[in-house]
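S.K.: Input: one structure, supplied below.
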């Protein structure tokens, strides 16, 4: 195998930087937006200090910032905001209610219907709100029908990924690939131009997810099950001989090693005192407290007080009762006011009147009862175990910024749901019929949602994801540098030379497989934008149409099935269903192989080689 001669230094530097990008995007300790900014700074400073000139022209370093105003990024951001409008208004509620009723009668049929609906919706709407809609419904019906939630949640999540690859607006990855290919001179793909191969492979994928995937998944329990004891409210009655009698509240709290939390001091029948540290406790006072049964009994002993609940002394015959208290799991989703914030800063517990029992993040569980997690910055996919009264949990579920998992299936709904649905339909139709580019129709749709109050500006701001924006910008900059310096052409030459004269169909298949592997390790957007110029260069060297090679990159970069870190909805599904990393390998790798082999067979035949 004769490799082509090495390119000039700028191309080598860009290729090395590409490897650095792929490495940085796999580092969990470095935020994706930080990694993106590091690479963007290195590129702009590098091309400023060492200008690149070729054939009488040169590349301006500031052109690497053009991604911030690129049509693809504008479309991605506008569609994220429009999707938030669908969530905020509960526009997908009828679908949710239909599925909830169907699952109660025929779980087997309901699974395939759920997979099809999830796939179809994800072809036009970002799949995150689809997953957020379906997760509590599927968990609810699994509890009611006593079926395994772990057998349906992952297939549902993967179905939305399968459906998302079928149109230009299905995912941000599709938008980027289509836009970059158009920038390089290819005729722009229409919204449904690659629907046929995507639908063909998608049908096989859905059949696998329906009939085989549930059998491969072991029974899993939610990761927060029984990880934290429940909280009970009670009263500590201060007797004449109690240690706390005559002591200040701060002295009593110190006696409990500062663990006692007093909500109110009741003195007599009608007097309620603010629990100030210097308040002197008297015989007959009742301290309203909340904690676990063991801790409450410990406080009773340390303070020499008597523990009561509901006017009855707590003993073996009369144990603590939680009344109408309920447990619920709250998942932090993209666009939530909790994302990137802390519980203390968001005043979450005070705002909703809840007790936070535990915080789960993939890899660890931290309990608020024994360690203060108020200052932990929350990420997408984090799960809070909370406890509160039934009406408080119901209020929490009506907030469409939060994904609440419990035994009920209440869905958000407002009078503007129909308006949001009409606007989203208009966005899709205007782009589908070529009346307006998707970037313009999506921005116009955002304005319409703001004007009709389907969204507020706060909602729109929360819908935007800084990591997505920065990854798109740096990917576009890197793709431009690969193209301008000739690095993309060199990589394509190496790829073709390494194929040892293999048929073009094999080269295309190998490219798709490479993209499928990369998208499960690094950002799918980065893999797609880096791969697109390489794919076009490969097609030119083989003397073949570039479209099938571009689609190989697009489809491969969408195969985010094999790891939970491959796509943000995978993390939501993982935390909600109690899955482990190996579960994604067990189900995701066969799905990747099915999609890869099907598309590898289909694309060459559709394009005549």
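S.K.: For residue 580, work out the one condition from (1) under 20 Å from residue 513 (Cα atoms); (2) surrounded by fewer than 24 Cβ atoms within 10 Å (Cβ to Cβ) it doesn't fulfil.
M.R.: Just one mismatch for residue 580, condition (1).
S.K.: Sticking with this structure for a sec: Take residue 594 and decide whether it is closer than 26 Å to residue 212 by Cβ and modelled with pLDDT of 95 or more.
M.R.: yes
S.K.: Sticking with this structure for a sec: Considering only residues of the range 254-272 that are free of Cβ contacts under 8 Å to residues at least 12 places away in the same chain and under 46 Å from the mean Cα position of the chain (by Cα), which is farthest from residue 357 (Cα to Cα)?
M.R.: Here the residue is 272.
S.K.: Now for a different question. Out of 498, 434, report the one residue that is touching a residue at least 12 places away in the same chain (Cβ under 8 Å) and assigned by TED's automatic domain parsing to the domain that holds residue 536.
M.R.: 498
S.K.: Still on this model: Out of the helices (runs of 4 or more DSSP H) lying entirely within the range 88-164, which hold 2 or more residues that are surrounded by fewer than 18 Cβ atoms within 10 Å (Cβ to Cβ) and modelled with pLDDT of 80 or more?
M.R.: Correct list: 107-122.
S.K.: Taking the condition within 30 Å of residue 63 (Cβ to Cβ), at pLDDT 90 or above and assigned to a helix (DSSP H, G or I), does residue 181 pass?
M.R.: Yes.
S.K.: Would you pick out the residues in the range 498-520 that are surrounded by fewer than 16 Cβ atoms within 10 Å (Cβ to Cβ) and assigned to a loop (DSSP other than H, G, I, E, B)?
M.R.: 500, 501, 502, 503
S.K.: Still on this structure: What's the total number of residues in the range 59-94 that are in contact with a helix residue (DSSP H, G or I) (Cβ under 9 Å, 6 or more places away or on another chain) and under 25 Å from residue 17 (Cβ atoms)?
M.R.: Looking only at that region, the number is 15.
S.K.: Has the range 50-66 got at least one residue that is assigned by TED's automatic domain parsing to the domain that holds residue 487 and in a helix (DSSP H, G or I)?
M.R.: The answer is no, given that none of the residues of the range 50-66 is assigned by TED's automatic domain parsing to the domain that holds residue 487 and in a helix (DSSP H, G or I).
S.K.: Just to verify a result, which residue in the range 286-333, among those that are modelled with pLDDT of 80 or more and part of a loop (DSSP other than H, G, I, E, B), is nearest to residue 263 (Cα to Cα)?
M.R.: Taking the candidates together, the pick is 305.
The values are calculated or read from the model by the stated rules, or taken from the named source; none is laboratory data. Just so it is clear, the model here is predicted, and its values are computed rather than measured. FYI the Cβ positions are ideal-geometry reconstructions off the backbone, even for glycines, and counts take in every protein chain you see.
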